[in-house]
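Below is one structure, written out as C-alpha cells, with a few remarks after it.
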Amino acid sequence: MSVSEENRATFDRFFREADVNNDGFLNIKELKTILYNIGFRGSDEEIAKIFVDLVSAGEDKVTYEQFMTEMCKIPLKDVKDSELRTLFRTFDKNGDGNVTKEELFHCLKEKQFDYTEEEMGEILAKADKNKDGKIDYEEFLSALK
Ligand SMILES: [Ca+2]
Ligand SMILES: [Ca+2]
Ligand SMILES: [Ca+2]
C-alpha cells in the first residue's frame, strides 16, 4: 500500500507545517501537531506509541521518508467516526449540518492553512459531489478518503 499522490501532497504540507523548528525531522511534539491536524484525538500514550512505531530504533525523531511511508498505515478513514464528526463540527460553525464555502474558508484560515482563495475553491468543488455549493457530512467523509 502506498500513499496516493493526493494524500502525499496533503501529508507533505502537514509535514512542512508541523516541522516548526525546520530541521527536516519530526519530534514527538511536532508529530502530535500533525495527528491533530488530521483529526486524530488520541491520548498522549497513543501518540507516543505511534511515534515509537515510526522512528528507527534508538532514534528520537521521524524522517520525512519514514513519515511518508508510515502515514498510509494511519488511513484517514480509520479515524473514528466520532472524531470525524468533531472535526466536521469545527468546520460547520452554525451547526446546520452543512459546511458552506464561507465556513470552509473561515476554518482553513483559522487553522493557518496557507491556501489561496482559488485552492480553497478547488477543495470545495472536489468535495461537493452533489454540487449544491455546500459540503454535508457524507461529502466531508468521502473527501477525506
Ligand atoms: Ca522538527
Ligand atoms: Ca453550516
Ligand atoms: Ca453538497
| request: Report yes if some residue within region 126-141 is more than 21 Å from Phe40 (Cα to Cα), assigned to a helix (DSSP H, G or I) and outside the structural domain of Phe14 (by TED's automatic domain parsing); otherwise report no. | output: yes
| remark: Selection from region 100-122 of residues of a type in the set (A, V, I, L, M) and over 16 Å from Leu87 (Cα atoms) yields Met120
| remark: A careful count of residues in region 81-103 that are out of contact with any strand residue (DSSP E or B) (no Cβ under 9 Å at 6 or more places or on another chain) and of a type in the set (Val, Ile, Thr) gives 2
| request: Mind listing just one residue for me: the one in region 49-63 that is part of a loop (DSSP other than H, G, I, E, B) and charged (D, E, K, R) and, of those, surrounded by the most Cβ atoms within 10 Å (Cβ to Cβ)? | output: Lys61
| message | Just to be sure I understand, how many residues within region 43-99 are at pLDDT 85 or above and polar (S, T, N, Q)? | response | 6
| task | Within region 86-103, track down each residue that is under 14 Å from the mean Cα position of the chain (by Cα) and of a type outside the set (Phe, Trp, Tyr). | result | Thr86, Leu87, Thr90
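Conditions tested, residue by residue: (1) more than 16 Å from ligand 2 (Cβ to nearest atom); (2) at pLDDT below 90; (3) of a type outside the set (A, V, I, L, M, F, W, C); (4) surrounded by 14 or more Cβ atoms within 10 Å (Cβ to Cβ).
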| site | (1), (2), (3), (4) |
| --- | --- |
| Phe105 | no, yes, no, yes |
| Phe113 | yes, yes, no, yes |
| Thr116 | yes, yes, yes, no |
| Gly121 | yes, yes, yes, yes |
| Ala127 | no, no, no, yes |
| Glu138 | no, no, yes, no |
| Lys145 | yes, yes, yes, no |
| field | Residue within region 14-35 that is modelled with pLDDT of 85 or more, within 16 Å of ligand 3 (Cβ to nearest atom) and more than 14 Å from the chain's Cα centre (by Cα) present | value | no
| message | Looking at region 39-71 only, could you name the residues that are closer than 20 Å to Asn21 by Cα, hydrophobic (A, V, I, L, M, F, W, C) and under 18 Å from the mean Cα position of the chain (by Cα)? | response | Ile47, Phe51, Leu54, Val62, Phe67, Met68
| message | Return the pair list, or none, for Cβ contacts closer than 8 Å from residues in region 83-95 that are outside any helix (DSSP H, G or I) to residues that are not aliphatic (A, V, I, L, M), at least 6 apart or on different chains. | response | Asp92/Asn98; Asp92/Glu103; Lys93/Glu103; Lys93/His106; Lys93/Cys107; Asn94/Glu103; Gly95/Arg89
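The values are calculated or read from the model by the stated rules, or taken from the named source; none is laboratory data. From a predicted model like this one, the values you see are computed outputs, not experimental measurements. No Cβ is skipped: glycine too gets one built from the backbone with ideal geometry, and neighbour counts run over all protein chains shown.
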